[in-house]
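These notes are about the structure you will find just below.
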Amino acid sequence: MQAEVGDKVRVESKGMQYEGILMPSQTRSIVLKLKNGYNIGIRQESASVTLLEKKEENKIHKPISEPIKIKKEKLPNISILSTGGTIASKIDYRTGAVTSQFSAEDILRAIPELEDIANYNCRMIYSILSENMRPSYWSELARAVYEEIKNGADGIIVTHGTDTMMYTAAALSFMVETPVPIVLVGSQRSADRPSSDNAMNAVCAATVAASDIAEVCVVMHGSTSDDFCTIHRGTKVRKMHTSRRDAFQSINAKPIGRVEYPSREIKMLSGYVKRGEKKLALHDKLEPKCALIKYATGASSESLLFHSGSGYKGIVIEGTGLGHVSTEWIPHIKNAVEAGIPVVMTSQCIYGRVCDRVYDTGRDILKAGAIEGEDILPEVALVKLMWALGQAADIEKVREIMRTGIAGEITRSTCI
Ligand code: GLU
């Protein structure tokens, strides 16, 4: 019998043997997905292929068709809103690429352990890679989350691509005041890879969604092993590594807690808002035309001029150190502020707090009217500025909102 794409095969070439799943190939090479999840190409001329298992029989791609379980009375009701990303991905044998095409139902079928934790109601909101998220999608997602909670959900899980998960987590943190947990979860490695983190992350996320932590949080692998997930506050988390499973770190704050795996025991690491403490409310308005500009050594002030002169309503600067830019930029900050455009100063150090009262440059930046971004992450400051401009048009009111902690984004302490 001839091997086809999707079959398990052995390929022998130049004295070496390789076993894996046969992938489509556009060239004269045989492409194999190895057991470790990586693909290799082997020249056809020097290779012989032995069929080991037809694709219908091999376990990785066995279709799971049982219907989703019956509602269990004692378990909480969790809504899973899927948006896409690696956690919702599977290998596409037409292209060999990983595509975002699993629905929340597929995730449930693939991870039976979830059924012990809750009853689930699944809604696919988007099926996109998270680099394609937009501020208007955050508002739409916030409305969907709000509706689910209003309709009685005891917890929400949002499945999301990891690359921009922190932006969406921050947006939901500002937009939804919640009496129940809202948990964002993703995975760094797709389900077809043996090191995939999707199942464990999903189980930990469901555990938190069923807990009494009524905050917007991100739940992802906490170490390089499969021993715990970390519960990060939605405004204090950042993806700090391109590929590691423990890429997400809480910055300038302790994580809320951790979920031990496989016991699913939650250990708290800091204070948190408890279930039912807050009333449900939605503040979904945003001003999307805001920019995040990074200052680099010698960067011309032209980018600042461009943004303030082309309709941008708010600007966040990622300055150096304590929150500095070249003195050449300072008059342009003043002009922007005088034109009614709030300018927020953050730091590219990521860790620590902006303090513009230490050096002359900082004092001049403050005199020019910039708003100190405290210890807010630059990306979170951008989302917050969009949100603040959606709540108030007046620059002084926006300044006040930016200086006030809304969703745990500012860790209060004195500057220096
Ligand atoms: N770039 C994609 C995204 O953020 C895939 C990465 C991921 O999900 O981790 O959606």
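Remarks
- For the peptides 306-319, 198-211, the ranking by mean Cβ contacts within 10 Å, running from highest to lowest, is 198-211, 306-319.
- Euclidean distance of C-alpha centroids, the stretch 343-391 and the stretch 135-201, integer Å: 27 Å
- The alpha carbons of the stretch 307-416 give a radius of gyration and a Dmax of 12.7, 36 Å, in that order.
- Summarising the strand pairing of the chain, around 60 percent of its internal DSSP beta bridges are antiparallel.
- Rg [Å, one decimal], Dmax [Å, integer] - the stretch 179-285, C-alpha atoms: 13.6, 42
- Separation in nanometres of the label points that stand 7 Å from Cα toward Cβ, at SER223 and GLU113: 1.5 nm
- With 29 Å as the limit, the listed pairs LYS150/LYS285; LYS289/LYS334; LYS267/LYS289; LYS72/LYS278; LYS334/LYS384 have LYS267/LYS289 beyond it between alpha carbons.
- Eligible aspartates and glutamates near LYS294 by straight Cα distance, threshold 18 Å, same-chain separation 8 or greater: GLU302, GLU318, GLU328, ASP356, GLU372, GLU374, ASP375, GLU379
- Straight-distance crosslink candidates among lysines, where the alpha carbon sits under 24 Å from LYS33 and sequence neighbours closer than 8 are dropped: LYS8, LYS14, LYS54, LYS55, LYS59, LYS62, LYS90
- Here the stretch 105-230 has an Rg and Dmax of 13.8, 39 Å, counting Cα atoms alone.
- DSSP-defined beta bridges in the stretch 305-380 - what % are antiparallel, rounded to 5: 10 percent
- Placing unit charges on the Cβ atoms only, positive for Lys and Arg and negative for Asp and Glu, gives the stretch 361-416 a dipole magnitude near 120 debye about its Cα centre.
- Listed peptides 219-232, 321-334, 274-287, 131-144 by packing density, highest first (mean Cβ within 10 Å): 219-232, 321-334, 131-144, 274-287
- A compact globular protein would have a Cα radius of gyration near 2.2 N^0.38 Å; the ratio found for the chain is 1.12.
- Extension gain for the segment SER136 to ARG363, taken as residue separation times 0.36 nm less the Cα-Cα distance, is 78.1 nm to one decimal.
- Helix-only CD estimate at 222 nm, as mean residue ellipticity for the chain, using -39500 (n - 2.57) per DSSP H run (n ≥ 4): -6500 deg cm²/dmol
- Membrane-span-like helices in the chain, defined here as complete DSSP H runs extending at least 18 Å along the helix axis by their C-alpha atoms with mean Kyte-Doolittle hydropathy no lower than 0.5, are 378-391; this is a sequence and geometry rule, not a statement about a membrane.
- One decimal place: the segment LEU280-ARG143 gains 48.2 nm when fully extended, by the rule 0.36 nm per residue minus the C-alpha distance.
- Kirkwood-Stokes translational diffusion coefficient of the stretch 160-237, alpha-carbon pairs, 4 °C, 1.567 mPa s, µm²/s: 103 µm²/s
- Contour excess over end-to-end distance, with Cα ends at ALA392 and GLU260 and 0.36 nm allotted per residue: 43.3 nm
Bear in mind that the values in this text are calculations on the coordinates, not laboratory data. Small disclaimer: the values here were computed from a predicted structure and weren't measured. In this analysis, Cβ positions are derived from the backbone assuming ideal geometry, glycine residues included, and neighbour counts consider all displayed protein chains.
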